[in-house]
Amino acid sequence: VDRPNALTREAWDFLRPYAAEADAYVFSRREYVWDGLVGDKVWVMPPSIDAFSPKNQELDPPVVDAILAAIGLQPSPGGIAPVYRRGDGSPGRVDRRAELLQEAPLPPDARVVLQVSRWDRLKDPHGLLECFELFFTDPSIHLVLAAPSPAAVADDPEGAVVLSTLARTWRYLSEEKRRRVHLASLPMNDLDENAAMVNALQRRADVIVQKSIAEGFGLTVAEGMWKEKPVVGSRVGGIQDQIVDGESGVLVDDPHDLDAFGQAIHRLIEDPARAARLGNAARRRVIDRFLAVNRLAEYVELVGSLMTPAQTTASRKAPTA
């Protein structure tokens with residue numbers, strides 16, 4: 001949480017005896033370090049993305065279209081296979097369809113606003129849908145809300161309720177607005193396939209949004225930034241660590257401020273040059289701070305700090321393969 005309170009401190013007190021035996025503590029943000037944990041045991045390492053994973057690997061635009069057609073979000077481009085590279089390097093193919101709530105597929109010329117997150121109240125998909133209903137009158141702008149299928153996420157029992165509420169709101173939209181809103185529940189049977197779907201969605205988007213009310217870190221932001229997309233996010237949790245406002249994305253101070261979100265998204269959609277500039281800077285920021293290779297050196301340093309002199313000597317004498 002951004003602002004610790006009595007409840008969080010009570011949780012820390014409960015966990016502290018179990019954590020006390022650890023030789024090091026890793027937190028994603030300096031602000032998250034528990035009261036009473038100090039000294040060289042504490043390490044701050046933000047999460048990172050794997051640039052070569054199915055979720056972040058490069059995809060050519062025709063393959064993006066083919067994957068989105070395979071899940072049912074776009075018309076089929078014809079002649080292109082929805083293929084990607086699995087995490088182990090073997091070829092993969094997107095064959096499963098998403099569970100979609102939409103009037104019709106995305107038009108080829110649609111300008112897409114996307115949020116990818118769990119069906120979770122703290123991600124505020126309903127607030128983004130309300131924002132779209134109030135402020136987005138241009139018929140070329142479409143909203144896509146995508147998340148894992150609630151049935152596949154065992155530790156998120158509220159997901160089905162949130163999706164049901166969204167679906168009910170969607171059905172009450174005007175016919176014209178309903179045609180431009182797409183709710184996509186992505187299958188989780190194959191995690192690499194799911195990741196390729198998310199990859200294609202993020203690459204298709206013109207603007208990516210993370211309208212979280214609260215957030216731990218929110219790596220969907222870094223994923224969008226890696227793909228050179230302008231991201232609009234709430235100034236909460238780790239989102240504010242990833243985006244430099246006005247330089248590598250846009251931060252909205254109040255996550256409940258629909259007008260501010262609407263204006264921020266509109267300005268990016270209507271100014272492609274600015275959107276491209278922010279997207280380019282966003283990718284550079286991910287390269288500098290949020291790739292897995294950046295964390296590797298830090299973890300080597302952490303593990304090295306835990307080794308006794310005897311262990312260090314033994315490791316240096318160990319034969320190499």
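The values are calculated or read from the model by the stated rules, or taken from the named source; none is laboratory data. None of these values were measured; they are calculated from a predicted model. Cβ atoms come from the backbone with ideal geometry, glycine included; neighbour counts cover every protein chain shown. For the accessible areas, the whole protein counts, side chains as well, though only heavy atoms, and no ligand, DNA or RNA atoms are used. Shrake-Rupley method; radii C 1.70, N 1.55, O 1.52, S 1.80 Å.
Could you please find all residues in segment 250-292 being acidic (Asp, Glu) and in a helix (DSSP H, G or I)? 259, 270, 288, listed by residue number. Can you find a residue in segment 297-309 that is in a helix (DSSP H, G or I) and either touching a strand residue (DSSP E or B) at 6+ places or on another chain (Cβ under 7 Å) or closer than 30 Å to residue 60 by Cβ (or both)? Yes.
Kindly indicate the residue of segment 1-37 that is of a type in the set (Val, Ile, Thr) and closer than 22 Å to residue 301 by Cβ and also farthest from the chain's Cα centre (by Cα) among those meeting that condition. In this case the residue turns out to be 33. For segment 141-161, the criterion of being farther than 15 Å from residue 186 by Cβ, assigned to a loop (DSSP other than H, G, I, E, B) and in contact (Cβ under 8 Å) with a residue 40 or more places away in the chain is met by no residue. The residue that is farthest from residue 68 (Cα to Cα), counting only those in segment 138-160 that are modelled with pLDDT of 95 or more and over 18 Å from the mean Cα position of the chain (by Cα), is 138. Looking at segment 117-140, which of its residues are farther than 18 Å from residue 101 by Cβ and of a type in the set (A, V, I, L, M)? Scanning segment 117-140 gives 122, 134. If you go through segment 117-135 one residue at a time, do you hit one that is outside any helix (DSSP H, G or I), more than 21 Å from residue 261 (Cα to Cα) and in contact (Cβ under 8 Å) with a residue 40 or more places away in the chain? Scanning segment 117-135, I find no residue that is outside any helix (DSSP H, G or I), more than 21 Å from residue 261 (Cα to Cα) and in contact (Cβ under 8 Å) with a residue 40 or more places away in the chain, so the answer is no.
Among the residues of segment 280-304, those identified as over 30 Å from residue 206 (Cα atoms), open to solvent by less than 70 Å² (accessible area, probe 1.4 Å) and out of contact with any Phe, Trp or Tyr (no Cβ under 7 Å at 6 or more places or on another chain) are 297, 298, 304. Aromatic (Phe, Trp, Tyr), within 20 Å of residue 217 (Cβ to Cβ) and open to solvent by 40 Å² or more (accessible area, probe 1.4 Å): is that true of residue 12 in this structure? So residue 12 does not fit the description; no.
Checking the structure you have, find out if any residue of segment 64-72 is surrounded by fewer than 17 Cβ atoms within 10 Å (Cβ to Cβ), touching a residue at least 12 places away in the same chain (Cβ under 8 Å) and in contact with a Ser or Thr (Cβ under 9 Å, 6 or more places away or on another chain). Taking every residue of segment 64-72 in turn, none turns out to be surrounded by fewer than 17 Cβ atoms within 10 Å (Cβ to Cβ), touching a residue at least 12 places away in the same chain (Cβ under 8 Å) and in contact with a Ser or Thr (Cβ under 9 Å, 6 or more places away or on another chain). Residue count for segment 158-198, restricted to those that are closer than 21 Å to residue 135 by Cβ and small (Gly, Ala, Ser): 1.
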